[in-house]
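What follows is one structure encoded as structure tokens, with my remarks underneath.
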Amino acid sequence: MKALVSISLVLGLGLLFLAMVQGAGPKEEAVDLGKGVKLEMVLIPAGKFMMGSPEGETGRNDNDNEDQHEVTISTPFYMGKYEVTQEQWESVMGNNPSKTKGAKLPVTNVS
């Protein structure tokens, strides 16, 4: 039953995000995860930007594959404004895999 609720919540949030993106609404949104837990999101617009380090940049390490290249985001999307906290993770997934516990601490041991 818990797994079904978690899956439903994740799918519902996904549909909400899709609706927000398609409507090109606000650039920031707060999603209520229940029990007073909120997830702040920011809109990442479609567009292009340069990623990586220019060749002449001070401190550049040529061994780190930092080559500058153009990145294209074809569809806008919402991304969490901050790291996911343990209470946010628990609200959606129903468990807390973190070794060091704290509602406002970032969730750990997830990928």
Problem set entry | Test result for Glu83, at pLDDT 80 or above and within 15 Å of the chain's Cα centre (by Cα) | yes
Exercise. Picking from Lys38, Lys2, which residue would you name as being among the basic types (Lys, Arg) and at pLDDT below 95?
Worked result: Lys2
Exercise. Are any residues in the range 35-80 within 17 Å of the chain's Cα centre (by Cα) and of a type in the set (A, V, I, L, M), and if so, which ones?
Worked result: Val37, Leu39, Met41, Val42, Leu43, Ile44, Ala46, Ile73, Met79
Problem set entry | Matching residues in the range 43-53 - criterion: being assigned to a strand (DSSP E or B) and either exposed (fewer than 12 other Cβ atoms within 10 Å of the Cβ) or touching a residue at least 24 places away in the same chain (Cβ under 8 Å) (or both) | Leu43, Ile44, Gly47, Lys48, Phe49, Met50, Met51
For this session: Within the range 86-108, track down each residue that is farther than 20 Å from Ala30 by Cα and under 16 Å from the mean Cα position of the chain (by Cα).
Result: Thr108
Problem set entry | Qualifying residues in the range 7-35 (those that are at pLDDT below 55 and either touching a Gly at 6+ places or on another chain (Cβ under 9 Å) or in a loop (DSSP other than H, G, I, E, B) (or both)) - the one surrounded by the most Cβ atoms within 10 Å (Cβ to Cβ) | Leu9
For this session: Could you list, in sequence order, all residues of the range 96-111 that are surrounded by 10 or more Cβ atoms within 10 Å (Cβ to Cβ) and not in a strand (DSSP E or B)?
Result: Asn96, Pro97, Ser98, Gly102, Ala103, Leu105, Val107, Thr108, Val110
Problem set entry | Considering residues of the range 54-76 that are modelled with pLDDT under 95 and assigned to a strand (DSSP E or B) only, the residue nearest to Glu29 (Cα to Cα) | His69
Seminar exercise, completed: Of the candidates Glu83, Glu40, Glu57, Glu70, the one satisfying the condition of being surrounded by 12 or more Cβ atoms within 10 Å (Cβ to Cβ) and either out of contact with any Asp or Glu (no Cβ under 6 Å at 6 or more places or on another chain) or not hydroxyl-bearing (Ser, Thr, Tyr) (or both) is Glu40
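The values are calculated or read from the model by the stated rules, or taken from the named source; none is laboratory data. Keep in mind that this is a model prediction, so the values were computed, not measured. Every residue, glycine among them, receives a Cβ derived from its backbone with ideal geometry; neighbour counts consider all protein chains shown.
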